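*Asks:* One structure is given below, represented as structure tokens, and several questions about it will come after.
Please treat every number below as a calculation from the coordinates, not as lab data. Everything numeric in this text was worked out from a predicted model, so none of it was measured. Note that each Cβ is placed from the backbone with ideal geometry, even for glycine, and that neighbours are counted across all protein chains shown.
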Amino acid sequence: MSFLSNLEWRYAAKKFDTTKKVSDEDLDKILEAIRLTPTSFGMQPYHFYIVTNQDKKDVIQAAAWNQAQIGTSSHLIVMCARNDLMTVKDEYFDAMSGGSVEVRANLRGFEDMVTGFIPHSSPEWAKKQVYIAQGFALAACAELQIDSCPMEGFDAAAVAKILELPSNLDVAVLLPIGYRADDENPRPKFRFSKEKLFTNIV
Ligand SMILES: Cc1cc2nc3c(=O)[nH]c(=O)nc-3n(C[C@H](O)[C@H](O)[C@H](O)COP(=O)(O)O)c2cc1C
């Protein structure tokens with residue numbers, strides 16, 4: 001199937017088949033799509049937890065309006081934004097320069113620009129980057145014919161507590177993945193027309 005027909009095929013699954021699990025190989029591809037996501041300045045101000053522990057998924061489901069796609073998922077990807085942006089910046093430039101003083105010096109102009117930007121940013125800025133990663137993950141899932149459900153309907157503080165997350169992380173979105181349950185009955189896909197969504201300026 002083509003990229004677009006896979007996007008037609010996908011929908012936000014409400015319940016997964018608990019007998020089917022996403023393979024390690026496919027999971028790696030989805031995580032690689034997340035890793036390759038473009039971000040502002042390339043900073044990747046995020047961290048992801050991949051939850052397969054059934055007890056944890058069940059407790060998180062309770063903190064998410066009891067939405068069954070969490071407990072029935074094969075893997076639950078908890079997508080977090082980092083709020084310690086100056087530390088992210090240091091890690092980024094440390095890693096990119098690979099410990100070379102010379103490379104770091106060559107990156108100085110770029111690093112100064114990012115350092116100047118951070119005080120003007122907000123936790124919302126990091127969350128926007130997470131949403132781009134979620135989009136890439138959704139497209140990767142569709143390409144692999146793996147079902148998924150992007151989710152904002154949960155209590156972020158409760159999820160952070162359940163997973164005992166460090167304070168530098170804010171849970172932004174959840175992404176349960178798996179294979180659709182047989183008795184799923186998704187609403188017909190509705191999207192606005194191209195005329196409604198796009199305007200050509202020539
Ligand atoms: C950021 C975001 C948050 C969403 N949160 C939820 C959610 O909490 N629960 C849910 O069942 N669907 C959720 N959805 C799924 C949307 O309702 C769904 O994508 C939309 O209705 C379009 O339908 P489709 O994805 O099935 O084509 C969310 C989607 C996005 C992009």
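*Asks:* Using only C-alpha positions, report the orientation-averaged shadow area of the convex hull of the chain, nm², one decimal.
*Replies:* Answer in nm², one decimal: 15.0.
*Asks:* If you don't mind, another one. Please report Val59, Val103 as a ranked list, fewest other C-beta atoms within 10 angstrom at the top and most at the bottom.
*Replies:* Neighbour counts put them in this order, fewest first: Val103, Val59.
*Asks:* Taking just the alpha carbons, could you work out the radius of gyration and Dmax for the range 1-112, both in angstroms?
*Replies:* 18.9, 53
*Asks:* For helix 85-97, report the angle its Cα long axis makes with the longest principal axis of the Cα atoms of the chain; keep it between 0 and 90° and round to the nearest 10°.
*Replies:* Compared with the principal axis, the helix lies near 80 degrees.
*Asks:* Take every Cα pair under 8 Å in the range 60-202 that's 6+ residues apart, average their separations, divide by the length, and report that relative contact order as a whole percent.
*Replies:* Averaging sequence separation for qualifying contacts and normalising by length gives 39 percent for the range 60-202.
*Asks:* Ranked highest first by the average count of other Cβ atoms within 10 Å around their residues, in what order do 130-143, 41-54 fall?
*Replies:* So the order, starting with the most tightly packed, is 130-143, 41-54.
*Asks:* Same structure, new question: Rounded to the nearest 10 degrees, what's the angle between the helix 123-143 long axis and the longest principal axis of the chain, both from Cα atoms, 0 to 90?
*Replies:* Helix 123-143 sits roughly 50 degrees off the main axis of the chain.
*Asks:* For n ≥ 4 DSSP H runs only, could you compute -39500 (n - 2.57) per run for the chain, divide by its residues and tell me the 222 nm figure to the nearest 500?
*Replies:* Estimated from H runs of four or more residues: -13000 deg cm²/dmol.
*Asks:* Given a cut-off of under 8 Å on Cα pairs at least six residues apart, what relative contact order in percent is computed for the range 1-87?
*Replies:* It rounds to 39 percent for the range 1-87.
*Asks:* Between 0 and 90 degrees, rounded to the nearest ten: what's the tilt of helix 108-117 against the longest Cα principal axis of the chain?
*Replies:* 60 degrees
*Asks:* Moving on to the next point. Which net charge results for the neighbourhood of Lys161, defined as the other residues with beta-carbon distances under 14 angstrom from its beta-carbon, given Lys and Arg at +1 and Asp and Glu at -1?
*Replies:* Neighbourhood net charge equals -2.
*Asks:* Using the count of nearby Cβ atoms within 10 Å as a rough guide to exposure, how do Asp183, Asp84 rank from fewest to most?
*Replies:* Asp183, Asp84
*Asks:* Multiplying the sequence separation of Ser100 and Asp112 by 0.36 nm and subtracting their Cα-Cα distance, what value in nm do you get?
*Replies:* Gain on stretching Ser100 to Asp112: 2.6 nm.
*Asks:* Multiply the residue separation of Asn66 and Thr39 by 0.36 nm, subtract the distance between their alpha-carbon atoms, and state the gained length in nm to one decimal.
*Replies:* Using 0.36 nm per residue and subtracting the Cα-Cα distance, I get 6.5 nm.
*Asks:* Also, I was wondering about something else. Of His120, Ser40, Ala12, which is farthest towards the positive pole of the chain's charge dipole, taken about the Cα centre with +1 and -1 on the beta-carbons of Lys, Arg and Asp, Glu respectively?
*Replies:* The one lying farthest along the dipole's positive direction is Ala12.
*Asks:* How many lysine pairs does the range 27-180 hold where the Cα atoms are under 23 Å apart and the two sit 8 or more places apart or on different chains?
*Replies:* For the range 27-180, the number of qualifying lysine pairs is 10.
*Asks:* A further question follows. If neighbour count is taken as other Cβ atoms inside 10 Å, put Leu174, Leu4 in order from fewest to most.
*Replies:* Leu4, Leu174
*Asks:* Next question. Given the C-alpha centroids of the range 1-37 and the range 55-111, what is the distance between them in whole angstrom?
*Replies:* Centre-to-centre distance over Cα atoms comes out at 20 Å.
*Asks:* How large is the Kirkwood hydrodynamic radius of the range 78-196, in angstrom, based on all distinct alpha carbon pairs?
*Replies:* 17.5 Å
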